[in-house]
Amino acid sequence: MALDRRTNPLLIIGPTSAETLAALIGGQPIPDTAPPAELARQMQSWHSLGATSQGLGYEVRWILGDVQSDSWVELNPDTGETSPLSVMPQPKGWKQVRLVPLSTEHSVPSCAWMFESKEKSGKFNRMKAAELRLTTEQQTELGQGRDVSLPDGTVLEASSFRGASIRPRRVVVSGDTAEQAPGIVALDGVDLLVHEATFLEDTQDHATEHLHSTATGAVRTALACGAKHLVLTHFSARIKDGSVPLAEANGIIDGAQLDITLAHDGDRVLLHDNGDVSHHTWTGNDWAA
(Lines give C-alpha, C1' and ligand atoms only; values in the text may rest on other atoms or scores of the structure.)
Protein backbone atom coordinates (compact mmCIF):
# COMPACT_ATOMS: atom_id res chain seq x y z
CA MET A 1 0.00 0.00 0.00
CA ALA A 2 2.88 2.37 0.70
CA LEU A 3 4.29 1.59 -2.75
CA ASP A 4 0.87 2.54 -4.15
CA ARG A 5 1.23 5.89 -2.34
CA ARG A 6 -1.52 5.24 0.15
CA THR A 7 -2.19 8.16 2.49
CA ASN A 8 -5.54 7.18 4.04
CA PRO A 9 -5.46 5.72 7.57
CA LEU A 10 -5.65 1.94 7.93
CA LEU A 11 -7.44 0.17 10.78
CA ILE A 12 -6.38 -3.41 11.49
CA ILE A 13 -8.57 -5.35 13.95
CA GLY A 14 -8.26 -8.99 14.92
CA PRO A 15 -9.24 -11.51 17.60
CA THR A 16 -7.11 -12.83 20.43
CA SER A 17 -7.71 -14.89 23.54
CA ALA A 18 -8.68 -13.54 26.94
CA GLU A 19 -5.41 -14.93 28.34
CA THR A 20 -3.26 -13.16 25.75
CA LEU A 21 -5.25 -9.96 26.14
CA ALA A 22 -4.71 -9.97 29.90
CA ALA A 23 -0.97 -10.48 29.38
CA LEU A 24 -0.74 -7.59 26.92
CA ILE A 25 -2.66 -5.25 29.24
CA GLY A 26 -0.39 -6.25 32.12
CA GLY A 27 2.76 -5.62 30.10
CA GLN A 28 3.64 -9.31 30.16
CA PRO A 29 4.92 -11.52 27.29
CA ILE A 30 2.46 -13.50 25.22
CA PRO A 31 1.75 -16.73 27.16
CA ASP A 32 3.63 -19.85 26.03
CA THR A 33 0.27 -21.62 25.83
CA ALA A 34 -0.84 -19.32 23.01
CA PRO A 35 -0.72 -21.07 19.61
CA PRO A 36 2.05 -20.19 17.11
CA ALA A 37 -0.57 -18.59 14.86
CA GLU A 38 -1.72 -16.26 17.64
CA LEU A 39 -2.39 -12.92 15.95
CA ALA A 40 -0.59 -10.97 18.68
CA ARG A 41 2.61 -12.82 17.78
CA GLN A 42 2.15 -12.02 14.10
CA MET A 43 1.50 -8.33 14.75
CA GLN A 44 4.63 -8.03 16.87
CA SER A 45 6.62 -9.73 14.11
CA TRP A 46 5.26 -7.31 11.50
CA HIS A 47 6.14 -4.37 13.73
CA SER A 48 9.73 -5.60 14.03
CA LEU A 49 9.91 -5.69 10.21
CA GLY A 50 8.91 -2.04 9.92
CA ALA A 51 5.13 -2.16 9.76
CA THR A 52 4.66 1.12 11.60
CA SER A 53 2.97 4.37 10.64
CA GLN A 54 6.36 6.02 10.23
CA GLY A 55 7.80 3.14 8.27
CA LEU A 56 4.84 2.80 5.93
CA GLY A 57 4.08 6.49 5.47
CA TYR A 58 0.41 6.37 6.49
CA GLU A 59 -1.39 6.00 9.80
CA VAL A 60 -1.96 2.42 10.95
CA ARG A 61 -3.87 1.39 14.06
CA TRP A 62 -3.35 -2.13 15.44
CA ILE A 63 -6.30 -3.44 17.49
CA LEU A 64 -6.68 -6.79 19.24
CA GLY A 65 -9.70 -7.97 21.17
CA ASP A 66 -11.38 -10.80 23.01
CA VAL A 67 -14.67 -10.97 21.12
CA GLN A 68 -16.61 -12.87 23.78
CA SER A 69 -15.93 -10.31 26.52
CA ASP A 70 -15.89 -7.36 24.07
CA SER A 71 -12.51 -6.23 25.44
CA TRP A 72 -10.10 -4.39 23.15
CA VAL A 73 -6.58 -2.99 23.22
CA GLU A 74 -4.46 -0.93 20.84
CA LEU A 75 -0.84 -1.85 20.19
CA ASN A 76 1.73 0.91 19.71
CA PRO A 77 4.58 -0.53 17.60
CA ASP A 78 6.78 2.52 18.24
CA THR A 79 6.75 2.22 22.03
CA GLY A 80 5.65 -1.39 22.53
CA GLU A 81 2.90 -0.16 24.86
CA THR A 82 -0.64 -1.53 24.95
CA SER A 83 -3.62 0.74 25.67
CA PRO A 84 -7.04 -0.61 26.71
CA LEU A 85 -9.99 0.72 24.70
CA SER A 86 -13.53 1.29 25.97
CA VAL A 87 -15.06 0.14 22.65
CA MET A 88 -13.84 -1.41 19.43
CA PRO A 89 -13.10 1.43 16.99
CA GLN A 90 -14.90 1.74 13.67
CA PRO A 91 -13.23 2.51 10.32
CA LYS A 92 -12.67 6.23 9.91
CA GLY A 93 -15.46 7.93 8.00
CA TRP A 94 -17.97 5.10 8.33
CA LYS A 95 -21.35 6.59 9.24
CA GLN A 96 -23.96 4.43 7.51
CA VAL A 97 -22.40 1.02 8.19
CA ARG A 98 -20.89 -0.47 11.32
CA LEU A 99 -18.48 -3.35 11.75
CA VAL A 100 -19.40 -6.01 14.33
CA PRO A 101 -17.23 -9.00 15.40
CA LEU A 102 -19.07 -12.30 15.90
CA SER A 103 -17.77 -15.14 18.04
CA THR A 104 -16.76 -18.26 16.08
CA GLU A 105 -15.21 -21.61 17.02
CA HIS A 106 -11.76 -22.65 15.84
CA SER A 107 -8.44 -23.97 17.13
CA VAL A 108 -7.04 -20.43 17.38
CA PRO A 109 -8.87 -17.21 18.39
CA SER A 110 -11.19 -16.36 15.52
CA CYS A 111 -14.25 -14.35 14.64
CA ALA A 112 -16.62 -13.58 11.80
CA TRP A 113 -17.34 -9.99 10.77
CA MET A 114 -20.75 -8.45 10.20
CA PHE A 115 -21.23 -5.30 8.14
CA GLU A 116 -24.55 -3.81 9.23
CA SER A 117 -26.19 -0.73 7.76
CA LYS A 118 -28.25 1.71 9.76
CA GLU A 119 -32.01 1.42 9.75
CA LYS A 120 -33.46 3.91 7.28
CA SER A 121 -36.68 5.88 7.41
CA GLY A 122 -39.38 4.95 4.93
CA LYS A 123 -39.93 7.00 1.79
CA PHE A 124 -41.64 10.37 2.27
CA ASN A 125 -45.05 10.56 0.57
CA ARG A 126 -44.56 13.66 -1.60
CA MET A 127 -47.78 12.99 -3.51
CA LYS A 128 -49.84 13.19 -0.34
CA ALA A 129 -48.07 16.40 0.66
CA ALA A 130 -48.75 17.90 -2.78
CA GLU A 131 -52.45 16.99 -2.64
CA LEU A 132 -52.72 18.83 0.67
CA ARG A 133 -50.85 21.79 -0.85
CA LEU A 134 -48.35 21.85 1.99
CA THR A 135 -45.63 24.46 2.01
CA THR A 136 -41.98 23.55 1.71
CA GLU A 137 -41.54 24.40 5.38
CA GLN A 138 -44.41 22.11 6.39
CA GLN A 139 -43.03 19.27 4.30
CA THR A 140 -39.62 19.75 5.90
CA GLU A 141 -41.14 19.53 9.38
CA LEU A 142 -43.00 16.33 8.52
CA GLY A 143 -39.95 14.88 6.80
CA GLN A 144 -37.92 15.41 9.95
CA GLY A 145 -40.50 13.58 12.04
CA ARG A 146 -42.36 16.53 13.56
CA ASP A 147 -46.17 16.80 13.44
CA VAL A 148 -47.66 19.88 11.75
CA SER A 149 -50.74 21.84 12.83
CA LEU A 150 -52.78 23.48 10.05
CA PRO A 151 -54.63 26.83 10.49
CA ASP A 152 -57.98 24.99 10.75
CA GLY A 153 -56.73 23.00 13.74
CA THR A 154 -56.01 19.79 11.83
CA VAL A 155 -52.90 18.01 13.04
CA LEU A 156 -50.87 16.14 10.43
CA GLU A 157 -48.93 13.28 11.97
CA ALA A 158 -45.44 12.93 10.56
CA SER A 159 -45.64 9.12 10.77
CA SER A 160 -48.52 9.10 8.29
CA PHE A 161 -46.27 10.63 5.63
CA ARG A 162 -43.59 7.95 5.86
CA GLY A 163 -43.62 4.44 4.47
CA ALA A 164 -42.37 1.48 6.48
CA SER A 165 -38.81 1.87 7.71
CA ILE A 166 -36.09 -0.07 5.90
CA ARG A 167 -34.48 -2.59 8.24
CA PRO A 168 -30.70 -2.77 8.52
CA ARG A 169 -28.93 -4.82 5.86
CA ARG A 170 -26.49 -7.44 7.12
CA VAL A 171 -23.50 -9.07 5.44
CA VAL A 172 -21.60 -11.68 7.48
CA VAL A 173 -18.18 -13.04 6.44
CA SER A 174 -16.82 -16.00 8.38
CA GLY A 175 -13.23 -17.04 8.75
CA ASP A 176 -12.13 -20.52 9.83
CA THR A 177 -14.87 -21.94 12.04
CA ALA A 178 -16.88 -24.99 12.89
CA GLU A 179 -20.49 -24.89 11.77
CA GLN A 180 -23.15 -23.19 13.89
CA ALA A 181 -20.71 -20.62 15.28
CA PRO A 182 -22.39 -19.02 18.32
CA GLY A 183 -22.02 -15.41 17.19
CA ILE A 184 -23.51 -16.14 13.77
CA VAL A 185 -26.47 -18.32 14.75
CA ALA A 186 -27.45 -15.76 17.41
CA LEU A 187 -28.42 -13.43 14.55
CA ASP A 188 -31.70 -13.28 12.69
CA GLY A 189 -32.28 -11.73 9.30
CA VAL A 190 -28.89 -11.95 7.59
CA ASP A 191 -29.05 -10.87 3.96
CA LEU A 192 -25.76 -12.39 2.84
CA LEU A 193 -23.54 -14.97 4.53
CA VAL A 194 -20.09 -15.81 3.15
CA HIS A 195 -19.08 -19.01 4.92
CA GLU A 196 -16.17 -21.41 4.80
CA ALA A 197 -16.83 -24.91 3.39
CA THR A 198 -13.46 -26.62 3.80
CA PHE A 199 -14.66 -30.21 3.75
CA LEU A 200 -17.18 -32.44 1.98
CA GLU A 201 -19.77 -34.59 3.70
CA ASP A 202 -17.60 -37.74 3.53
CA THR A 203 -14.93 -36.02 5.65
CA GLN A 204 -17.23 -34.63 8.34
CA ASP A 205 -15.00 -36.27 10.96
CA HIS A 206 -12.05 -34.12 9.80
CA ALA A 207 -14.22 -30.99 9.93
CA THR A 208 -15.26 -31.82 13.48
CA GLU A 209 -11.70 -32.60 14.58
CA HIS A 210 -10.16 -29.45 13.11
CA LEU A 211 -13.10 -27.13 13.81
CA HIS A 212 -13.86 -26.38 10.18
CA SER A 213 -17.15 -26.60 8.31
CA THR A 214 -18.54 -28.71 5.50
CA ALA A 215 -20.71 -27.25 2.75
CA THR A 216 -23.77 -28.74 4.45
CA GLY A 217 -22.60 -27.30 7.77
CA ALA A 218 -22.48 -23.87 6.15
CA VAL A 219 -26.09 -24.38 5.04
CA ARG A 220 -27.17 -25.31 8.56
CA THR A 221 -25.49 -22.15 9.83
CA ALA A 222 -27.18 -20.07 7.12
CA LEU A 223 -30.61 -21.46 7.98
CA ALA A 224 -30.04 -20.86 11.70
CA CYS A 225 -29.31 -17.14 11.19
CA GLY A 226 -32.07 -16.63 8.60
CA ALA A 227 -29.70 -15.91 5.73
CA LYS A 228 -31.22 -15.27 2.32
CA HIS A 229 -28.07 -15.92 0.30
CA LEU A 230 -25.09 -18.14 1.11
CA VAL A 231 -21.72 -17.95 -0.64
CA LEU A 232 -19.51 -21.00 -0.10
CA THR A 233 -15.76 -20.39 0.04
CA HIS A 234 -12.44 -21.64 1.55
CA PHE A 235 -12.34 -25.13 0.01
CA SER A 236 -9.79 -27.83 0.75
CA ALA A 237 -7.21 -28.40 -1.99
CA ARG A 238 -8.57 -31.93 -2.40
CA ILE A 239 -11.84 -30.51 -3.75
CA LYS A 240 -11.18 -30.24 -7.48
CA ASP A 241 -14.74 -29.64 -8.66
CA GLY A 242 -16.76 -26.86 -7.05
CA SER A 243 -20.02 -28.38 -8.25
CA VAL A 244 -19.63 -31.13 -5.63
CA PRO A 245 -19.88 -28.96 -2.46
CA LEU A 246 -22.53 -26.87 -4.20
CA ALA A 247 -24.62 -29.97 -4.91
CA GLU A 248 -24.21 -31.20 -1.32
CA ALA A 249 -25.30 -27.80 0.00
CA ASN A 250 -28.34 -27.56 -2.26
CA GLY A 251 -29.27 -31.11 -1.34
CA ILE A 252 -30.24 -30.26 2.24
CA ILE A 253 -32.04 -26.92 1.96
CA ASP A 254 -35.36 -28.81 1.79
CA GLY A 255 -37.43 -26.03 0.23
CA ALA A 256 -36.00 -23.24 2.38
CA GLN A 257 -35.75 -19.78 0.81
CA LEU A 258 -31.97 -19.84 0.52
CA ASP A 259 -29.90 -19.14 -2.58
CA ILE A 260 -26.44 -20.72 -2.64
CA THR A 261 -23.51 -19.77 -4.87
CA LEU A 262 -19.85 -20.70 -5.08
CA ALA A 263 -17.03 -18.19 -4.61
CA HIS A 264 -14.14 -17.81 -7.07
CA ASP A 265 -11.17 -15.47 -6.74
CA GLY A 266 -12.12 -11.97 -7.86
CA ASP A 267 -15.89 -12.46 -7.70
CA ARG A 268 -18.17 -9.54 -6.88
CA VAL A 269 -21.16 -10.16 -4.63
CA LEU A 270 -23.53 -7.20 -4.48
CA LEU A 271 -26.19 -6.59 -1.84
CA HIS A 272 -28.76 -4.20 -3.26
CA ASP A 273 -30.91 -1.71 -1.34
CA ASN A 274 -33.99 -3.93 -1.66
CA GLY A 275 -32.16 -6.89 -0.13
CA ASP A 276 -31.55 -8.77 -3.38
CA VAL A 277 -28.11 -10.31 -3.87
CA SER A 278 -26.31 -10.73 -7.19
CA HIS A 279 -23.12 -12.78 -7.55
CA HIS A 280 -20.88 -11.87 -10.52
CA THR A 281 -17.94 -13.88 -11.88
CA TRP A 282 -15.42 -12.52 -14.40
CA THR A 283 -15.47 -14.57 -17.61
CA GLY A 284 -12.43 -12.97 -19.15
CA ASN A 285 -14.45 -10.51 -21.17
CA ASP A 286 -17.34 -9.49 -18.94
CA TRP A 287 -19.08 -10.06 -15.62
CA ALA A 288 -21.58 -12.94 -15.62
CA ALA A 289 -24.26 -13.27 -12.95
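Out of the stretch 7-51, which residues are among the aliphatic types (A, V, I, L, M), touching a residue at least 40 places away in the same chain (Cβ under 8 Å) and either under 25 Å from Asp176 (Cα atoms) or surrounded by fewer than 13 Cβ atoms within 10 Å (Cβ to Cβ) (or both)? Working first, answer last.
We begin by selecting, within the stretch 7-51, every residue among the aliphatic types (A, V, I, L, M); these are 10-13, 18, 21-25, 30, 34, 37, 39-40, 43, 49, 51.
Now drop any that are not touching a residue at least 40 places away in the same chain (Cβ under 8 Å), which leaves 10-13, 18, 21, 24-25, 37, 39.
Answer for the stretch 7-51, where residues must be among the aliphatic types (A, V, I, L, M), touching a residue at least 40 places away in the same chain (Cβ under 8 Å) and either under 25 Å from Asp176 (Cα atoms) or surrounded by fewer than 13 Cβ atoms within 10 Å (Cβ to Cβ) (or both): Leu10, Leu11, Ile12, Ile13, Ala18, Leu21, Leu24, Ala37, Leu39.
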Output for the stretch 250-261, where each listed residue is at pLDDT 95 or above and within 22 Å of the chain's Cα centre (by Cα): Leu258, Asp259, Ile260, Thr261
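Looking only at the stretch 251-289, filter to residues that are β-branched (Val, Ile, Thr) and assigned to a loop (DSSP other than H, G, I, E, B); which one of those is nearest to Thr216 (Cα to Cα)?
Let us first name the residues in the stretch 251-289 that are β-branched (Val, Ile, Thr), namely 252-253, 260-261, 269, 277, 281, 283.
Checking which are assigned to a loop (DSSP other than H, G, I, E, B) leaves us with 252-253, 283.
Working: Ile252: 7, Ile253: 9, Thr283: 28 Å.
For the stretch 251-289, the residue satisfying everything is Ile252.
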Of residues in the stretch 87-112 being surrounded by fewer than 17 Cβ atoms within 10 Å (Cβ to Cβ) and in a strand (DSSP E or B), the one nearest to the chain's Cα centre (by Cα): Leu99
Pairs, please: C-beta under 7 Å, at least 6 apart or cross-chain, first residue touching a residue at least 40 places away in the same chain (Cβ under 8 Å) and in the stretch 275-289, second exposed (fewer than 10 other Cβ atoms within 10 Å of the Cβ) and not in a strand (DSSP E or B)? His279/Ala289
Pick from the stretch 52-68, criterion of a type in the set (Gly, Ala, Ser) and buried (at least 16 other Cβ atoms within 10 Å of the Cβ), ranking: nearest to Thr82 (Cα to Cα): Gly65
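The values are calculated or read from the model by the stated rules, or taken from the named source; none is laboratory data. These figures come from a predicted structure and were not determined experimentally. No Cβ is skipped: glycine too gets one built from the backbone with ideal geometry, and neighbour counts run over all protein chains shown.
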